[in-house]
1. Take the residues in region 318-375 that are part of a helix (DSSP H, G or I) and of a type in the set (Ser, Thr, Tyr), then tell me which one is modelled with the lowest pLDDT.
2. Looking at Glu519, Glu492, can you tell me which residue is in contact (Cβ under 8 Å) with a residue 40 or more places away in the chain, among the charged types (D, E, K, R), open to solvent by 40 Å² or more (accessible area, probe 1.4 Å) and more than 16 Å from ligand 3 (Cβ to nearest atom)?
3. If only one of Ile119, Ile208 is surrounded by 11 or more Cβ atoms within 10 Å (Cβ to Cβ), aliphatic (A, V, I, L, M), away from ligand 2 (no atom under 16 Å from the Cβ) and modelled with pLDDT under 90, which one is it?
4. Which condition from (1) free of Cβ contacts under 8 Å to residues at least 24 places away in the same chain; (2) open to solvent by less than 20 Å² (accessible area, probe 1.4 Å); (3) under 24 Å from the mean Cα position of the chain (by Cα) is the one that Ala524 breaks?
5. Among the candidates Ala523, Ala582, which residue alone is out of contact with any helix residue (DSSP H, G or I) (no Cβ under 9 Å at 6 or more places or on another chain), of a type in the set (Gly, Ala, Ser), at pLDDT below 80 and more than 21 Å from Ala323 (Cα to Cα)?
6. What strands (runs of 3 or more DSSP E) completely inside region 663-727 contain at least 2 residues that are touching a Phe, Trp or Tyr at 6+ places or on another chain (Cβ under 7 Å) and more than 24 Å from Ser568 (Cα to Cα)?
7. Would you pick out the residues in region 601-631 that are open to solvent by less than 30 Å² (accessible area, probe 1.4 Å) and not in a helix (DSSP H, G or I)?
8. Kindly provide the set of residues from region 463-481 that are open to solvent by 80 Å² or more (accessible area, probe 1.4 Å) and more than 12 Å from ligand 2 (Cβ to nearest atom), ordered by number.
Amino acid sequence: MIAVSPVLQVVFDTPMRRRFDYLAPAGAAAPPPGARVRVPFGRRRAIGLVEARAAASELPLAKLKPIISAIDAAPLWDAATFALLRWAADYYHHPLGEVLFGALPKMLREGAAATREEIVWRIGDAGRAAIAAGARLGRRQQALLALLGGDGASAATIAGAGHGAVLREFARRGWLESRARPEAPPAAGAGRPGPVLTAAQAAAVGRIAAALGGFGAFLLHGVTGSGKTEVYLRLIERTLAAGRGALVLVPEIALTPQLVARFRERLAAPVIALHSSLADGARLAAWRAAAAGRAPVVIGTRSAVFTPMPALGLVVVDEEHDASYKQQEGFRYSARDLAVARAQRAGVPVVLGSATPSLESLANAAAGRYERLTLPERTGRAGKPRVTVVDLRIHPARDGLSPPALAAIGRHLEDRGQVLVFLNRRGYAPALFCSNCGWIAPCAACDARLTVHLARARLSCHHCGAEAAMPFACPVCGNELAPVGEGTERVETALRQLFPGAPLVRVDRDVIRRRGELEQALAAVTDGRARILLGTQMLTKGHDFPDVTLVVVLAADQGLFGADFRASERLAQQIVQVAGRAGRADRPGEVLIQTAYPEHPLLKCLIAEGYEGFAALALEERRAAGWPPYSHLALLRADAPVRGDVYAFLEAAQAAPPAPRERIRILGPAPAALARRAGRHRAQLLVESPARAALQEFLGAWTPALAQLRAPRALRWSLDVDPAEVD
Ligand code: ADP
Ligand code: ZN
Ligand code: ZN
């Protein structure tokens, strides 16, 4: 008689949209959903994840292979997080295997143990007897004794304290005993008290704290420095006091060191940071500590939303408007949206904080789905900065700088102010041009121009990374070539010539390449050595520049006519964020915005009424045009080396079932804004519906049909639900 074993439905780290059935080991307990197993897979062995257990399979049981072994006895995730992951795979119509494995640290994907005990050493009976009998102990022996008191210490801790040799000596004498205990959590923070809350902060804390213990979504709208982080800290203190933990999402790694240090100083609990530059081992240790509930405060970037936390009590998303919360490749999820979904599943409050909330979140607040809490302008701030527009048609710019902008820079430098110049384009110039025949240096692999990097004498493609030497003359007519337009490198050259006495710091991806370099560069601004700060959107995040009295936005037009429906929202956020980082009480700030379109309604509105006025008008435009949040989108992207293959695939997708398409519109195929990148032709279908449920229902039937379409091997396609960019 063969024992009846339950069937394990297993998924793998592959794009396959299916699960595979295996037999659970006879006699032993079957691994639960969410546990890893080693199984035979074709001729190989592979690590899979149990999605579910079942009593039967579509195949006869005799055809199923048994698993080789179970790696985990318990699920890797708490129930709410595992439910979130399964829901996310459904919602984004992405293969579950990739979703689950993608949520794990690399070492867990490769089979490392999910829990770890460490061995600790203590003085045993024999040792205690010897010491009681008067064994002679030197200073170093005494120090080790102190370390071994209480719960004992691990060999690593003892070696780290410099007592490894003495430990070996005690072992030789037979004085030690050992036992295993769960790996020690990171050290708890200092638990320093915070400032007395302002009335607005206290009100916000009160509203959100009243919701602790159940789901509630809050939009915390307050300018930079208005005290949002202080509100998070108070709420986390309350969460900890209730014996629960907090998950805090932040957009950028550059933000994390300062923020983590502040959390560690304030909270009397272990705080761990999860971000992409952690080494594999450190990431695994942090994951284990969070999963075991030993690190109740987790601060992390996008993927930290999937960190298991058994006693989650609060979710915070700082700078919730930030584009980096949306993953742009593979599993294209929004960590902001998943944070809300996770809070819902865990039955805890979620706080979305921003100085420039996304239009989606503002619409959610207006619809009553989120409660909106406002922190007024920061205290110690001399009102709003004065904003002026420079019309570039009247005041033509040279090297990107108009005469009124140069005059203002000179004036502020003379008054011992600091100046911030914002231009969201790196390199010397965005194109190299022949004025004789009109030739423009193209990227061979993209429908794009090469950017001039003059100092390196190179041309570089900012889309595919291709590089070429600067030509000496036009390859077509032999004429001289000239860089047209400007990037930060060119503006730097001009500013250094025009203001030789003003030390300048430039911040963009060409000059800041490694972690820590940004901190270093900005230190020169904060301590006053640098007088001019020039940079790209790197400047719009995380750092305050209290002595900056003038902010100049060089090319505000880039966002006004972008092909993407979100372009103007991003532009407004960048302008408000960069302007909001400048100024302090005794020095009212001034903001200059250069544009060739001063009468553009959105720009006018932003300048006259600020971000809120802009947001109201932009939402009206979205409603009139039927864009999100008043419609729901999915984008099917495809690319291939042969253009015809891309369009043939998308046309087949257009025609693919399901046939009745109630409340669904499919637009395209249309070329992507960059119709060729890195040698591949790119096009897309836009799926649109006024109702999220209708879109989901359609995609649920359409995605499997797409997977069945015949396409050349070299063709790649992907589905992006709630795309951040549709151009
Ligand atoms: P945000 O997160 O909105 O940028 P923070 O919470 O970082 O704002 O606060 C900005 C600065 O003001 C910080 O230096 C913080 O310590 C300080 N701060 C915040 N709240 C208060 C308060 N109630 N009283 C005094 N200082 C405060
Ligand atoms: Zn030419
Ligand atoms: Zn290119």
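1. So the residue we want is Ser324.
2. Unique residue meeting the criteria: Glu519.
3. Sole residue among the options that is surrounded by 11 or more Cβ atoms within 10 Å (Cβ to Cβ), aliphatic (A, V, I, L, M), away from ligand 2 (no atom under 16 Å from the Cβ) and modelled with pLDDT under 90: Ile119.
4. (3)
5. Numbers: Ala523 fails: at pLDDT below 80.
The match here is Ala582.
6. Because the criterion is at least 2 residues that are touching a Phe, Trp or Tyr at 6+ places or on another chain (Cβ under 7 Å) and more than 24 Å from Ser568 (Cα to Cα), no strands (runs of 3 or more DSSP E) in region 663-727 meet it.
7. Gly626, Pro628, Ser631
8. If we filter region 463-481 for residues that are open to solvent by 80 Å² or more (accessible area, probe 1.4 Å), which is where we start, we get 463, 467, 472, 475-476, 480.
Correct list: His463, Glu467, Phe472.
The values are calculated or read from the model by the stated rules, or taken from the named source; none is laboratory data. Predicted model, so just to flag it, every value in this text is computed and none were measured. Please note: Cβ atoms are built from the backbone with ideal geometry, for glycine as well, and neighbour counts cover all protein chains shown. Only protein heavy atoms, including side chains, enter the accessible area calculation; ligands, DNA and RNA are left aside. Shrake-Rupley method; radii C 1.70, N 1.55, O 1.52, S 1.80 Å.
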